[in-house]
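Here's the structure we're looking at; comments come further down.
Since every read-out is calculated from the coordinates, none of them should be taken as a lab result. The model shown is predicted, which means the values in this text are computed figures rather than measured ones. Cβ placement follows ideal geometry from the backbone for every residue including glycine, while neighbour counts extend to all protein chains displayed.
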Amino acid sequence: MEWFGDAPRTAVVTGGASGIGKATCELLCRDGYRVVVADRDFEAASAVAQHIDGHAVRVDVTDEASVGALFDEALRYFGGTLDALATPAGIAETTPFDELDAATFRRVYDVNVVGTFLCVREAAKRMREGGRICTVASVAGKRGGGLSGTAAYAASKGAVLALSRSAARALAERKIVVNCVAPGATLTPMLADAFADERHRARVEAMTLLNRSAEPHEIAEAIVWLLSPRASFVAGETLTVDGGLMLD
C-alpha cells in the first residue's frame, strides 16, 4: 500500500487491551503499523503490545493531561509523527431509565464522549496531512437504545456520532480525515454481563439478518479499512457494522 512512501506508520488505539480495541491493534500490526496500545489496564495492554511488538501506555481518557501524555509518549517511543488513531475505549451502562441518576449519566458521557473528543483533539495536533482517525460509536446511538445499553449509553454514542462529523469538518482543511464505525452487538467483555441472560442475547441476535453477534475482529476490520489508504475517498462517514440489525 502506498501512503507516505516507505515511512513506517504509527497508530494509537485506545481501549486496546481487550475486545474491539485489541482486535484493532492486531490487525493494524498485520498491516505494518507500529501500534501504541493504550488502556487503563496497563497489564493487559502490555500483554497485547508484547504479542504484536507494539508499545503499551496507561491512559485515562477522561483526564486531559493523561491523554496528552499518551500521544507525547507515542511519538517519543516511535519517533516521527502520528498517522492513525482508533478510539474503541468506552464503557457500557444498562441502568433502566427511571433508575438512572445524573452522576452515572455524567460518568458514561465523560468516558465515551469527552474521552473520544480529547483523543481526537490531541491526535490531530500531532498528525501530518493524510492522517486518519476512526471513532467508535454504536447502533445504540442511532436507535436510542433498545438493545443492551440504555439511556446514558445510547445518548453518549449518539453524541460520538455528532462529534465525529464535527471533527471531520474541522480537520478537513488540515487534510486529516475522520470517520466513525457504529458496531452492533459484539462479543466483547463489555457485553458479557448483559449477554449472560440467554433470552436477552437471543432477542438481540434475532434482530440481525445474520442471527448472531459480531466477533471483535469483524468490527476491527472496518476500523482498519477506514484508517487505510483503501478508504481514500471516505470522509465524515459512519459505517454501520451490525449484521443488518438496523434494517429491523
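A few notes on this one:
- Karplus-derived HN-Hα couplings along the stretch 22-36 (A = 6.51, B = -1.76, C = 1.60, θ = phi - 60°), whole Hz, x at Gly and Pro: 4, 4, 5, 4, 5, 6, 5, 4, 4, 8, x, 7, 8, 10, 9
- Direction-averaged projected area, Cα convex hull, the stretch 7-95: 5.7 nm², rounded to one decimal.
- The slack between Thr104 and Arg121, meaning 0.36 nm per residue of separation minus the straight C-alpha distance, is 3.6 nm.
- Loop-located GluC sites (Glu not before Pro) across the stretch 25-100 with a Cβ neighbour count of 11 or fewer within 10 Å are lacking, with loop assigned by DSSP.
- Fluctuation leader among Thr95, Thr238, Thr81 - the chain, Gaussian network, Cα springs under 10 angstrom: Thr95
- Considering only Cα atoms, the convex hull volume of the stretch 9-239 works out to 116 Å³ per residue.
- The H on the amide N of Thr10, modeled in the peptide plane, is under 5 Å from the matching H of Arg34, Asp83, Ala84, each at least 5 residues off or on a different chain.
- In this structure the amide hydrogen of Val178, modeled in the peptide plane, comes within under 5 Å of the amide hydrogens of Ile133, Gly236, none closer than 5 places in sequence on its chain.
- Taking every C-alpha pair closer than 8 Å and separated by at least 6 residues, the mean separation divided by the residue count of the stretch 9-239 gives a relative contact order of 20 percent.
- The label point for Phe97 and the one for Glu237, both projected 7 Å from the Cα toward the Cβ, are 3.4 nm apart.
- Available extension along the chain between Asp31 and Arg169 is 46.9 nm, counting 0.36 nm per residue and deducting the alpha carbon span.
- Packing-based exposure ordering (other Cβ within 10 Å, fewest first) of Thr240, Thr24: Thr240, Thr24
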